[in-house]
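The values are calculated or read from the model by the stated rules, or taken from the named source; none is laboratory data. All values reported here derive from a predicted model rather than from experimental measurement. All Cβ positions, glycine included, derive from the backbone under ideal geometry; neighbour counts span all protein chains shown. Keep in mind that these areas ignore ligands, DNA and RNA; they rest on the heavy atoms of the full protein, side chains included. Shrake-Rupley method; radii C 1.70, N 1.55, O 1.52, S 1.80 Å.
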Amino acid sequence: MPQAPCTIAVLATLDTKGGEASYLVDRIVRDWGCRAFVIDLGVLGEPALDGSWFPDVSRREVACAGGEKVEQLAQAADRKRAIAAMSSGAEEVVRRSYRNESFDAIVGLGGRAGTAMATTAMRALPLGVPKVMVSTMAGGDASGYVGVKDIVMVPSIVDIDGINRISRQILSRTAAAICAMARVEVEGGDDRPLIAASTFRSATSCVDACRRQLETEGLEVLVFQATGAGGRTMESLIEAGFVRGVLDLTTTECADELVGGVRTAGPSRLEAAARSGTPAVVVPGCLDMVSFFARHTVPEEFEGRTFHRQSDNMTLMRTSREESAELGQVLAAKLNASTGPVEVYLPLGGVSTLSAPGGPFHDPAADNALFTALRENLRRAVPVTEVDANINDPRFACAVSDAMLRLVRDAN
């Protein structure tokens, strides 16, 4: 464990959550021997503290960092404006304070507004910095607060409004968790080149074979499920410069973005490697499908299409010939913007297990439309290699793994 006590940044609106923040700080300091670095995100009233301590960063400093004066925010009584300013200010304060080694880990507590402000600041920190948010919003879809960062969301169970037998347990254990996380010494990483690889259920065999081959050759492979959040996380790590190569085997999130499925990673999918010049091997894997939830949730406009029930809560729809052609154009446009080496590999025997001969999505005309559009729209400098095999065939995995290894070594 570290010799010096760890310091925990605490984010809260001290005008409305001062008592709860005081209790959390007390647990951090008295129970676990850590220091507290408190940042006030409040706007309206004065900090409601127990009198034994004061915030290390005042609301005035936070508002100023967000381009506002806290007095003007209070006078305007515009909730949306206040949240935006304090979110921006908290992000800047937290980023600067961490750079100045003011804290080792960060914890926040709040309702809807407090969660929005605190998690905005947390997302400004690098991966690996412990981040915990006690929130009334943690019981629902928290993806908007977490984004692609490693934020632990703790449901407050009851409203964060006073110290009672429930909040006392939640805040005490939160203090224990964040202090323990801050004290953990992570083993030093190895120096193997990192490769980011995308995967999906219908191409699992391919990515598993590629990972084994690349790791045998001295690379480390990070695998991301192409389920929307996975693609966004992978793109963020590429953009941050964490990886030396990208093996984008399953670009199915692009199909969801185009057609309206539930597993889209947004319009910028496939663009981080292109912008950063990171060597990439790209496969139109699983572009034969668009993901929806349970069958009854599929929009009526798609009635009459070919479907496959992946599970009770997940339905896959076969992309049409027209959609496949458009996807080929979309991928080509993104890859044409690459500033580094990029190669495309086409599995002529099907882009997933479902589109293999005899599979429910077997549609050679649609696959051909996808491949043709890719070939015709890619700039000549982007090599296209065809492999007469399904994406899950060992021959295809070997081909793309060899290409990835070659690009990474050539880049050194």
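If I filter region 26-45 for residues that are among the charged types (D, E, K, R), closer than 23 Å to Val158 by Cα and in contact with a Leu (Cβ under 6 Å, 6 or more places away or on another chain), do I get at least one hit?
yes
What do you reckon, is Gly285 modelled with pLDDT of 95 or more, open to solvent by less than 10 Å² (accessible area, probe 1.4 Å) and within 27 Å of Val408 (Cα to Cα)?
Yes.
Could you tell me which of the residues Thr306, Thr297, Thr319, Thr339 is open to solvent by 20 Å² or more (accessible area, probe 1.4 Å), in contact (Cβ under 8 Å) with a residue 60 or more places away in the chain and hydroxyl-bearing (Ser, Thr, Tyr)? Give the derivation first.
On the way: Thr306 fails: in contact (Cβ under 8 Å) with a residue 60 or more places away in the chain; Thr297 fails: in contact (Cβ under 8 Å) with a residue 60 or more places away in the chain; Thr319 fails: open to solvent by 20 Å² or more (accessible area, probe 1.4 Å).
Only one candidate qualifies: Thr339.
Taking region 221-274, which residues are of a type in the set (A, V, I, L, M) and in a helix (DSSP H, G or I)?
Ala229, Met234, Leu237, Ile238, Ala255, Leu258, Val259, Ala272, Ala273, Ala274
Among the candidates Arg173, Arg212, single out the residue that is modelled with pLDDT of 95 or more, open to solvent by 60 Å² or more (accessible area, probe 1.4 Å), under 27 Å from Leu331 (Cβ atoms) and basic (Lys, Arg).
Only one candidate qualifies: Arg212.
Name, by its number, the condition in (1) surrounded by 18 or more Cβ atoms within 10 Å (Cβ to Cβ); (2) at positive phi that does not hold for Gly241.
Of the numbered conditions (1) surrounded by 18 or more Cβ atoms within 10 Å (Cβ to Cβ); (2) at positive phi, the odd one out for Gly241 is (1).
If you take the residues of region 342-368 that are out of contact with any strand residue (DSSP E or B) (no Cβ under 8 Å at 6 or more places or on another chain) and in a helix (DSSP H, G or I), which of them is least open to solvent (accessible area, probe 1.4 Å)?
Asp367
Any idea which of (1) without any contact (Cβ under 8 Å) to a residue 60 or more places away in the chain; (2) hydrophobic (A, V, I, L, M, F, W, C); (3) under 17 Å from Pro279 (Cβ atoms) is the one Ala389 doesn't satisfy?
Every condition holds for Ala389 apart from (3).
Say whether the condition of being among the acidic types (Asp, Glu) and free of Cβ contacts under 8 Å to residues at least 40 places away in the same chain is met by at least one residue in region 268-291.
Taking region 268-291 first, the residues among the acidic types (Asp, Glu) are 271, 288.
Now drop any that are not free of Cβ contacts under 8 Å to residues at least 40 places away in the same chain, which leaves none.
Checked against the condition, which is being among the acidic types (Asp, Glu) and free of Cβ contacts under 8 Å to residues at least 40 places away in the same chain, region 268-291 yields no hits at all.
Of all the residues that make up region 107-162, how many are part of a helix (DSSP H, G or I) and either crowded, with 18+ Cβ neighbours inside 10 Å or touching a Leu at 6+ places or on another chain (Cβ under 8 Å) (or both)?
12
Can you confirm whether Ala272 is touching an Asp or Glu at 6+ places or on another chain (Cβ under 9 Å) and buried (at least 24 other Cβ atoms within 10 Å of the Cβ)?
Here the answer is no, as Ala272 does not meet what is asked.
This table checks each residue for (1) of a type in the set (Lys, Arg); (2) in contact with a strand residue (DSSP E or B) (Cβ under 6 Å, 6 or more places away or on another chain); (3) assigned to a helix (DSSP H, G or I).
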{"residue": "Ser172", "(1), (2), (3)": "no, no, yes"}
{"residue": "Ala175", "(1), (2), (3)": "no, no, yes"}
{"residue": "Ile178", "(1), (2), (3)": "no, yes, yes"}
{"residue": "Val186", "(1), (2), (3)": "no, no, no"}
{"residue": "Asp190", "(1), (2), (3)": "no, no, no"}
{"residue": "Ser198", "(1), (2), (3)": "no, yes, no"}
{"residue": "Ala203", "(1), (2), (3)": "no, yes, yes"}
{"residue": "Ala209", "(1), (2), (3)": "no, no, yes"}
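Return the pairs, sorted by first residue and then second, in which the second residue is assigned to a strand (DSSP E or B) and open to solvent by 10 Å² or more (accessible area, probe 1.4 Å), the first residue lies in region 7-28 and is more than 11 Å from Leu109 (Cα to Cα), the beta carbons are less than 6 Å apart, and the residues are 6+ apart or on different chains.
Going by the 6 Å Cβ cut-off, the qualifying pairs are Thr7/Arg35; Thr7/Phe37; Ile8/Ala36; Ala9/Phe37; Val25/Ala36; Ile28/Ala36.
Have a look at Arg318, Arg275 and point out the one that is under 23 Å from Ser198 (Cβ atoms), within 25 Å of the chain's Cα centre (by Cα) and modelled with pLDDT of 95 or more.
Arg275
Among the listed residues Glu253, Glu239, which satisfies the condition of being acidic (Asp, Glu) and touching a Gly at 6+ places or on another chain (Cβ under 6 Å)? Break it down stepwise before answering.
On the way: Glu239 fails: touching a Gly at 6+ places or on another chain (Cβ under 6 Å).
Of the residues listed, the single one that is acidic (Asp, Glu) and touching a Gly at 6+ places or on another chain (Cβ under 6 Å) is Glu253.
What is the residue count in region 53-95 for residues that are in contact (Cβ under 8 Å) with a residue 24 or more places away in the chain and open to solvent by 90 Å² or more (accessible area, probe 1.4 Å)?
3
Only one of (1) in a helix (DSSP H, G or I); (2) open to solvent by 60 Å² or more (accessible area, probe 1.4 Å); (3) under 30 Å from Glu187 (Cβ atoms) is not met by Ile28, so which one is it?
For Ile28, the exception is condition (2).
In region 384-412, what count of residues is obtained for those that are over 25 Å from Thr353 (Cα atoms) and not in a helix (DSSP H, G or I)?
1
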